[in-house]
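A short write-up of the structure that comes next.
The values are calculated or read from the model by the stated rules, or taken from the named source; none is laboratory data. Keep in mind that what you see is a predicted model, and the values were worked out from it rather than measured. Cβ coordinates were reconstructed from backbone atoms using ideal geometry, including for glycine residues, and neighbour counts include every protein chain displayed. In case anyone asks, the SASA skips ligands and DNA or RNA and just uses the protein heavy atoms, side chains included. Shrake-Rupley method; radii C 1.70, N 1.55, O 1.52, S 1.80 Å.
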Amino acid sequence: MILVWLILIPIIGGVLAWILDRQSKAAGRWVSLIAMVIDLGLAVYLWIQYFDKVEMLGQGAWLAEFQWDWIPQYGISFYLALDGLSLLMILLTGLLGILSIMASWTEIQERSGFFHFNLMWILGGIIGVFMAMDLFLFYFFWEMMLIPMYFLIAIWGHENRIYASIKFFIFTQASGLLMLVAILGLYFVHHAETGVYTFNYMELLGTSMAPNVAMWLMLGFFIAFITKLPAFPVHTWLPDAHTEAPTAGSVILAGLMLKTGAYGLLRFVLPLFPGAAATIAPYAMFLGVVGILYGAILAFAQNDLKRLVAYTSVSHLGFVLLGIFAMNEIAIQGAVMTMIAHGLSTGGLFILVGGLYEKIHTRDMDRMGGLWDTVPKMGTAGMFLAMASLGLPGLGNFVGEMLALFGAYQANIPLTVFATIGLVFATVYSLWVVQRAFHGKPRESWGITDFGGRHITIMAVMAVVLVWLGLYPKPVLDTAKPAVQNIEQSVRIQTISEKTTPANDANELSMAEVEHYLKAELDNEDM
C-alpha cells in the first residue's frame, strides 16, 4: 500500500494546496512542500528497508508490489511494482520536487494555488510512470503528467509561452499516441497467442511474435520514448519548452520528465522487444552520438542562458541513449547514473538561471559579465554546476558518462570515439558560460542582491549529492544492479535464441535450453 501512497500524497497535496491558497498563498506552498518531504521520506524508508535485500532478491523479484483488479474483463489492473531502478528514479523525483517548490517560492505570485496543483500532479504522474507494471496504467500516468505541464508552461511561462506549450503538447501527445497503438498491438498479439487479454507487463514479457511485427511494435514505443528523452531529430520541442517554462517547470522537465523517456527504453523497449531492440541498436547509438555533438555545438551558439542549458540537456542525454543501446551492464549502469546526475546538475543550472532572471530580468549573456564581484555566491554555484556539467572527476556526471563510454566501447568503438569528443565540447561551452556571465568587465551596472538562505540551501543539497555520487557511487550502482542485469540478460537470451534457431523464434527453445546456452556463453566470457 505504501506504493499507492507515494502517488496519492502529491496528488492530494496538490488539491489541498489549491484549496488553501484561497486563504493564504503561503499555506498552499507549505502544503506542497510538506507533501513532497513526506513522499521523499517514504522513498528513503523503502531504500533503507530494502537496501540489503536488493542483491539477495536478484532477478525477477520486486522490492514491493501492489495489485488490484481495476477492469478485469479487459485485463486491466492497478499494478504497481518497485525495483532498484524505479526506487532510484522515485528518490530523484522526491528530491527535485522539494527543490523545485523551494525555487519557485517567490517567483509565482499569480494563481499560485493552481500552479502548485499542476506541479504536484505532474510529480504524482511521474512517480506513477516509474512504478506502473500494467501498460494501460503506464499510459494513464504518461498522459497524466503531460497536461499539467502544458498548463505550467502556457500560464506561468515567458513571452512565447503559448507557442512553446502547444509545440510541447503536439510532440509529446503525437508520440504518445504511437505508443498507445503499439500497446494495443502487443495486447492483441498476446491474445492471439495465448487467448488471454492482458496489459500485465510480466505476462507480456516473452510474447511470441514475428520479427517484423516485433519491429513495428517496438518502434511505436521507441519513438515515444526518444521524443520525450529527447534525442535528435525529435528534440526541437525541448529548447522552446525550457526557455519559456517557469523555473520549477524547467527543473521538472530536465530533471524528471526527460528521464521518463530513458526509463521507458530500459523498462519496456529492451525487455519486451529484445530482438528488435538489438537490431536497431547501432542506429540508436548513432542518434545518441549525433545528439551529443549537435546539442553541444548548438549550446555554444546561444546567447540566451536558459536556452543554452536546454541544448546541453540534448547533448548529455545523448550519452544516456548511447549507454542504453550499448546493451551491456556497465553501459546501462552509466546511463542510469547519468540520468540521476544530469537531473541534479541541470536542475541546479535552471534554478540558478531562474534566480538570476528574477533579479536582472534578462537571460541575454551579452548583457551579463562581471557578475562574480556583485553576486559571488551565485558565481560560485554557477562555477560548481558548470564543472559538474562538463564531467569533472569527483562529481556524479563524470561517473555516469565514463561508465557509458566504457560500455559503449565494447559495443562500437568508432561511435564511442566520436562520443568522447562531446566531452571536449562540454568543457568548452561550460567554461564559456561562466566566463561570459560571471567574469570579465561588467557590461551593465546591476544593483542586485546575492543568493539568500533558500537558494544557498538548494545549491548546497545539490552539491553534496553530486559529490557523493562522484566519490562513492556504490550504493546507487548496487541498487540499480539487479534491474540492469535483468535487462541485459533478456537481450542476451534473445540473441542466443536467434543464433540457435534458424526461424528466429525464441519460443522454439525451452527455458532449459536457453539457460544452458546462456551459462555456456557466460563461462566463455569468464575464460
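According to a simple spin-label model (label point 7 Å from Cα along Cα-to-Cβ), what is the distance in nm between residue 212 and residue 177?
Each label point is offset 7 Å from its Cα along the Cβ direction, giving 2.6 nm.
Suppose a student asked you for the relative contact order of the chain, using Cα pairs under 8 Å spaced at least 6 residues apart; what percent would you report?
Values: 898 pairs, mean separation 77.0, N = 527.
The value is 15 percent.
Over 20 Å between C-alpha atoms is what I'm after, so list which of 228/474; 25/259; 377/441 land there.
Details: 228/474 28 Å; 25/259 31 Å; 377/441 18 Å.
Pairs exceeding 20 Å: 228/474; 25/259.
About the Cα centre of the chain, what is the dipole size in debye to 20, counting +1 per Lys and Arg Cβ and -1 per Asp and Glu Cβ, all else neutral? Don't skip to the end; give the middle numbers.
On the way: 25 positive and 36 negative charges, 373 e Å.
Taking the Cα centre of the chain as origin, the dipole is about 1800 debye.
Would you calculate, for the chain, the mean residue ellipticity at 222 nm contributed by helices, counting each DSSP H stretch of 4 or more residues as -39,500 (n - 2.57) and dividing by all residues, to the nearest 500? List each step's numbers first, then the result.
Values: 22 runs with 394 residues, N = 527.
Rounded to the nearest 500, the figure is -25500 deg cm²/dmol.
Tell me the Kirkwood hydrodynamic radius of the stretch 88-208 in angstroms, computed as one over the mean inverse distance between distinct C-alpha pairs. Kindly include the intermediate steps, with their values, before the conclusion.
Numbers: mean 1/r = 0.0613 Å⁻¹.
When all Cα pairs of the stretch 88-208 are included, the Kirkwood radius is 16.3 Å.
Over the alpha-carbon set of the stretch 225-347, divide Rg by the Kirkwood Rh and report the Rg/Rh ratio to two decimals.
So for the stretch 225-347, dividing Rg by the Kirkwood Rh gives 0.97.
Residue 73 to residue 192: FRET efficiency via 1/(1 + (r/R0)^6), r the Cβ-Cβ distance, R0 22 Å, to the nearest 0.05? Please list the in-between numbers first.
Working: r = 18 Å, r/R0 = 0.83.
That pair, residue 73 with residue 192, gives E of 0.75.
In whole percent, and with a 1.4 Å probe on the protein chains, what portion of the accessible area of the stretch 29-141 is carbon and sulfur? Working shown, then result.
On the way: 2700 of 4150 Å².
Answer for the stretch 29-141: carbon and sulfur cover 65 percent of the accessible area.
Using a 1.4 Å probe on the protein chains only, how many percent of the accessible area of the stretch 402-462 belongs to carbon and sulfur?
On the way: 2180 of 3140 Å².
Percent of accessible area from carbon and sulfur atoms in the stretch 402-462: 69.
How much of the pair distance distribution for the chain lies past 33 Å, counting alpha-carbon pairs only, in percent? Present the calculation step by step, with values, prior to reporting the outcome.
Values: 51139 of 138601 pairs.
Here the long-distance tail beyond 33 Å is 37 percent of all Cα pairs in the chain.
Using only the C-alpha atoms of the stretch 108-169, find the volume of their convex hull and express it per residue in Å³. Please report the intermediate quantities before stating the final value.
On the way: hull volume 4.2 nm³, N = 62.
Output value, Cα hull per residue: 69 Å³.
From the P(r) of the stretch 1-142, can you give the percent of Cα pairs sitting at distances over 24 Å?
Numbers: 3554 of 10011 pairs.
In whole percent, the long-distance tail amounts to 36.
Set the Förster radius R0 to 56 Å, insert the Cβ-Cβ distance between residue 428 and residue 15 as r into 1/(1 + (r/R0)^6), and round the FRET efficiency to 0.05.
Values: r = 47 Å, r/R0 = 0.83.
Using R0 = 56 Å, I get an efficiency of 0.75.
From the phi of every residue in the stretch 224-235, what ³J(HN,Hα) in whole Hz does the Karplus formula 6.51 cos²θ - 1.76 cosθ + 1.60 yield, where θ is phi - 60° and glycine or proline is x?
With coefficients 6.51, -1.76 and 1.60, one gets 4, 6, 6, 5, 6, 4, x, 10, 4, x, 9, 9 Hz.
Hey, how much of the P(r) for the stretch 274-412 falls beyond 19 Å, as a percent of Cα pairs? Before the final figure, lay out each step's value.
Details: 5093 of 9591 pairs.
Result for the distance tail: 53 percent.
Starting from the 7 Å offset along Cα-to-Cβ, what nm value, one decimal, do you get for the label separation of residue 443 and residue 159?
With each label point 7 Å from Cα toward Cβ, the separation is 1.5 nm.
Using a basic spin-label model with each label point 7 Å from the Cα along Cα→Cβ, how many nm lie between residue 457 and residue 49?
Each label point lies 7 Å from its Cα, and together they span 2.7 nm.
Could you please state how large a percent of the accessible area of the stretch 236-318 is carbon and sulfur, counting protein chains only and using a 1.4 Å probe? Intermediate results must be reported in sequence, preceding the final value.
Values: 1010 of 1480 Å².
Roughly 68 percent of what the probe reaches on the stretch 236-318 is carbon or sulfur.
Take the Cα pairs of the stretch 133-270, get the Kirkwood Rh, then feed it into Stokes-Einstein at 25 °C and 0.890 mPa s and tell me D in µm²/s. Provide the component values of the computation, followed by the final result.
Values: Rh = 15.7 Å.
D = 157 µm²/s.
So with the 1.4 Å probe, I'd like the accessible area per residue for the stretch 244-358, rounded to whole Å².
Working: 1800 Å² over 115 residues.
On a per-residue basis, the stretch 244-358 sits at 16 Å².
Could you give the accessible area per residue of the stretch 396-451, probe 1.4 Å, as a whole number in Å²?
Values: 2800 Å² over 56 residues.
Here the per-residue accessible area is 50 Å².
Just for the Cα atoms in the stretch 336-458, what are the lengths along the principal axes, largest first, rounded to whole Å?
Here the spans come out as 54, 28, 21 Å, largest first.
If you roll a 1.4 Å probe over the heavy atoms of the protein chains, what accessible area per residue do you get for the stretch 113-242, in Å²? Numbers along the way, then the final one.
Details: 4310 Å² over 130 residues.
For the stretch 113-242, the per-residue accessible area is 33 Å².
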